[in-house]
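A.B. asks: Pasting a structure below so you can have a look.
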Amino acid sequence: MELAFVTSNPGKVEEARRYFEGFGVRVYQLKMSYPEIQADTLEEVAKYAVEWLSERVEGPFFLDDSGLFVEALGGFPGVYSAYVYRTIGYWGILKLLAGESNRRAFFKSVVAYWDGKLHLFTGEVHGRITNEPRGTGGFGFDPIFVPDGFDKTFAEMTTEEKNEISHRGNALRAFSNWLKENLKY
Ligand code: ITT
C-alpha cells in the first residue's frame, strides 16, 4: 500500500516513512503548499487544509499539523509554531523562557487523512524545555524538548526512539490502527 503525505517538511516525511516501514506501507511526499488558516486549534487548521486540498489532489492523502505548546507562555506558540520557528526559532523560545522555572511544554500532532471523508488522529507528548539546545537529529524545536521520563532531547534520539513516544508517533499509531481495521491491508 502507498500513502501520499502532503507536506513541505522533510523531517515529518522521514518520521512517517520510518513509522510505516514496519507495516509494509510506502509513504511518499506530495510537496504542495496549502493555506494554513488562523484558528484556535490544530484540528481546525487541518480540517480547512484537507478540504482545500481535496479539490486539488487526486485520491487519498494525509497531512500533519503540529505545534509546541509552552505552559509558561499560555500555550504559545501552539498553532503559530511554524511561523514562530521561521521567525525567532528555538533560540527565541529559550529567550522568552529566560529566568522562568516552569519549563513544562507539550507537542501535539493532528494527522488528517482524506479518502473522500475526513479522519482525524491526534497524538501528544509532554515534557520540558531545556535551558540550552542539545543534539543534531530531528528538526524544528527538537533540540530544546526533553520528553517526560527521559534525559535526552528529541534531537539526541534516533527517529525510531522519537517515533515510539512522540506526538507524531502517537498520531501515526492511531492512524495505522484505523487503516488496519478499515482497509485490512
Ligand atoms: P507542513 O505544514 O508543510 O507539513 P511545517 O513545518 O510548516 O510543514 P506545521 O505547519 O505543522 O509544519 O508547523 C509546525 C512547526 O512546529 C514546524 O515549524 C516545526 O518546526 C515544529 N514541529 C512540528 N513537529 C515537530 C517535531 O516533531 N519536532 C520539533 N518541531 C516540530
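A.B. asks: Only one residue in Ala98, Ala39 is surrounded by 12 or more Cβ atoms within 10 Å (Cβ to Cβ), under 22 Å from Phe141 (Cα atoms) and among the aliphatic types (A, V, I, L, M), so which one is that? Step through it out loud before you land on a result.
C.D. replies: Details: Ala98 fails: surrounded by 12 or more Cβ atoms within 10 Å (Cβ to Cβ).
Of Ala98, Ala39, the one residue that is surrounded by 12 or more Cβ atoms within 10 Å (Cβ to Cβ), under 22 Å from Phe141 (Cα atoms) and among the aliphatic types (A, V, I, L, M) is Ala39.
A.B. asks: Can you name the residue in segment 147-167 that is under 18 Å from Ile129 (Cα atoms) and of a type in the set (D, E, K, R) and is also surrounded by the fewest Cβ atoms within 10 Å (Cβ to Cβ) among such residues? Spell out the reasoning first.
C.D. replies: Of segment 147-167, the ones under 18 Å from Ile129 (Cα atoms) are 147-157, 162, 165-167.
Next, from what is left, pick out any that are of a type in the set (D, E, K, R): 148, 151-152, 156, 162.
Numbers: Asp148: 11, Asp151: 8, Lys152: 14, Glu156: 18, Lys162: 24.
This residue is Asp151.
A.B. asks: Still on this structure, I have one more. Could you grab me the full set of residues in segment 1-26 that are more than 19 Å from Leu118 (Cα to Cα) and β-branched (Val, Ile, Thr)?
C.D. replies: If the condition is that a residue be more than 19 Å from Leu118 (Cα to Cα) and β-branched (Val, Ile, Thr), then Val13, Val25 are the ones that fit.
A.B. asks: If a residue has to be among the hydrophobic types (A, V, I, L, M, F, W, C) and either surrounded by fewer than 17 Cβ atoms within 10 Å (Cβ to Cβ) or assigned to a helix (DSSP H, G or I) (or both) to count, how many in segment 4-18 make the cut?
C.D. replies: Qualifying residue count, segment 4-18: 2.
A.B. asks: Is there any pair with a first residue in segment 93-121 that is closer than 13 Å to Leu172 by Cβ and a second that is more than 16 Å from the ligand (Cβ to nearest atom) and part of a strand (DSSP E or B) whose Cβ atoms are under 7 Å apart and which are 6 or more apart or on different chains, and what are they?
C.D. replies: Ala112/Leu118; Tyr113/His119
A.B. asks: Another question, if that's okay. Answer yes or no as to whether Arg128 is touching a residue at least 12 places away in the same chain (Cβ under 8 Å), among the charged types (D, E, K, R) and over 20 Å from Glu164 (Cα atoms). Let's see the steps before the verdict.
C.D. replies: Values: touching a residue at least 12 places away in the same chain (Cβ under 8 Å): yes; among the charged types (D, E, K, R): yes; over 20 Å from Glu164 (Cα atoms): no.
In short, no.
A.B. asks: Let me ask something else. At least 2 residues that are within 11 Å of the ligand (Cβ to nearest atom), closer than 20 Å to Phe5 by Cβ and of a type outside the set (Val, Ile, Thr) in each: list the helices (runs of 4 or more DSSP H) lying fully within segment 82-185 that qualify.
C.D. replies: On the way: elements: 89-96, 159-165, 167-183.
It comes to 159-165, 167-183.
A.B. asks: Could you check, for segment 19-31, whether at least one of its residues is in a loop (DSSP other than H, G, I, E, B) and under 17 Å from the mean Cα position of the chain (by Cα)?
C.D. replies: As a first pass, look at segment 19-31 and keep what is in a loop (DSSP other than H, G, I, E, B): 22-25, 31.
Filter again for under 17 Å from the mean Cα position of the chain (by Cα), leaving 31.
Yes: one or more hits.
A.B. asks: If we keep just the residues of segment 32-73 that are among the β-branched types (Val, Ile, Thr) and not in a loop (DSSP other than H, G, I, E, B), which is nearest to the ligand (Cβ to nearest atom)?
C.D. replies: Val45
The numbers here are math on the coordinates, done by the rules we state, and not lab data. Just so we're clear, the structure is a prediction, and the values are computed from it rather than from any experiment. Every residue, glycine as well, gets a Cβ built from its backbone with ideal geometry; the counts of neighbours run over all protein chains shown.
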